[in-house]
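Notes follow the structure.
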Amino acid sequence: MIENLSGTHEVVNYRTNFRMRLYNNKEAENYPPHWHAPYELIMPTSGSYRVVCSDQVFSLKTGDVLIICPGTLHELFAPESGARIIFQPSISCITLREIDMITAMLAPAICITPENYPSIHPHIRSLVQEISEAYNSADSYAETFIYSRFLDILYTVARVISDDLREPFDADALSQRDYIEKFRSICDYINDNFAEDLSLESVASMAGFSKYHFSRLFKQYTNTTFYRYLNERRISHAKTLLISPDISVLDAAIQCGFSSHTAFLRMFKQLTGYTPTKFRQMYE
């Protein structure tokens, strides 16, 4: 259920003393386009369910697991009967360096089914069930247990996507481990310096690749382009700045590394569907 909706922005009401929300939804009710800060995991436990994320349509059947990334505009369509687990964990408390990279890799959403991910689907489905059981238990350490299972889900999905995208390396190339570490370091560098004047050429040169080779490899390991990754990180930070009424839209643009107000407005709307001013009004 959506309890707190302003425009299309849902403010998730977390469980008391928890930074997450889970409920077993049996309502035959459609939910209009909306977005929120936490992740959302949906798994039908009986019947089917249809979800539209950005321009992608997902028809879920019992046991399928849909992972929706933070800030993704999505719409839900429920049948007359059925039930599904809906889990919304906050990631604001998670400071692991890989989270931004994984989120970019999965964005806007990914569906884990027995057909498209047979090697990991049973494990992912089991983890969601464990999360549901722990959430409804009286365990004093349930939140820690649940976050460990949620991180396991992100890790498992990210690993299999990376393996699917990865290509064989030349014998002269870096070892597999060093290669992965290099691109993790590159993503860390972008996450720490997104407000600087970063360019594809400069980052590729820093990494020791031509920009063409770097572009292919970067997309191979993040499932997105360099500039898409950089701009998503900038806009993500812009959202946190715009929450404060003391920071103007122009100041937010400058602090996030945009060279012009116009470029910021264009990119913000492209990635969120709204202007910065409209976003601020919806949040308020």
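Observations on the model:
- Count of the stretch 91-109 residues which are in contact with a strand residue (DSSP E or B) (Cβ under 6 Å, 6 or more places away or on another chain) and either among the β-branched types (Val, Ile, Thr) or farther than 22 Å from ILE190 by Cβ (or both): 1
- Look at (1) crowded, with 19+ Cβ neighbours inside 10 Å; (2) out of contact with any Lys or Arg (no Cβ under 9 Å at 6 or more places or on another chain) and you find that PHE87 fails only one, number (2).
- Candidate set from the stretch 173-198 (those that are loosely packed, with under 14 Cβ neighbours inside 10 Å and more than 16 Å from LEU217 (Cα to Cα)); member that is modelled with the lowest pLDDT: ASP192
- Test: residue in the stretch 139-152 that is under 25 Å from TYR14 (Cα atoms), at pLDDT below 95 and either within 18 Å of the chain's Cα centre (by Cα) or of a type in the set (Phe, Trp, Tyr) (or both): yes
- Inside the stretch 69-121, residues that are out of contact with any helix residue (DSSP H, G or I) (no Cβ under 9 Å at 6 or more places or on another chain), of a type outside the set (D, E, K, R) and touching a residue at least 24 places away in the same chain (Cβ under 8 Å) make up a count of 17.
- Verdict on ILE124 being in contact with a strand residue (DSSP E or B) (Cβ under 6 Å, 6 or more places away or on another chain) and β-branched (Val, Ile, Thr): yes
- When ILE186 is tested against the conditions (1) part of a helix (DSSP H, G or I); (2) over 21 Å from the mean Cα position of the chain (by Cα); (3) more than 30 Å from THR8 (Cα to Cα); (4) not hydroxyl-bearing (Ser, Thr, Tyr), the lone failure is (2).
- Counting only helices (runs of 4 or more DSSP H) that sit completely within the stretch 238-284, those holding 1 or more residues that are in contact with a strand residue (DSSP E or B) (Cβ under 9 Å, 6 or more places away or on another chain) and either surrounded by fewer than 16 Cβ atoms within 10 Å (Cβ to Cβ) or not assigned by TED's automatic domain parsing to the domain that holds ILE190 (or both) correspond to 276-283.
- Options LEU60, LEU66: the member that is modelled with pLDDT of 95 or more, surrounded by 18 or more Cβ atoms within 10 Å (Cβ to Cβ), of a type outside the set (Lys, Arg) and more than 18 Å from the chain's Cα centre (by Cα): LEU60
- Test: THR45 is at pLDDT 90 or above, among the hydroxyl-bearing types (Ser, Thr, Tyr) and either under 25 Å from LEU151 (Cβ atoms) or within 19 Å of the chain's Cα centre (by Cα) (or both): yes
- For the stretch 134-153, filtering for residues that are among the charged types (D, E, K, R), without any contact (Cβ under 8 Å) to a residue 40 or more places away in the chain and surrounded by 14 or more Cβ atoms within 10 Å (Cβ to Cβ) leaves 2.
The values are calculated or read from the model by the stated rules, or taken from the named source; none is laboratory data. Keep in mind that this is a model prediction, so the values were computed, not measured. Heads up, the Cβs are rebuilt from the backbone with ideal geometry, glycines too, and the neighbour counts pull from every protein chain shown.
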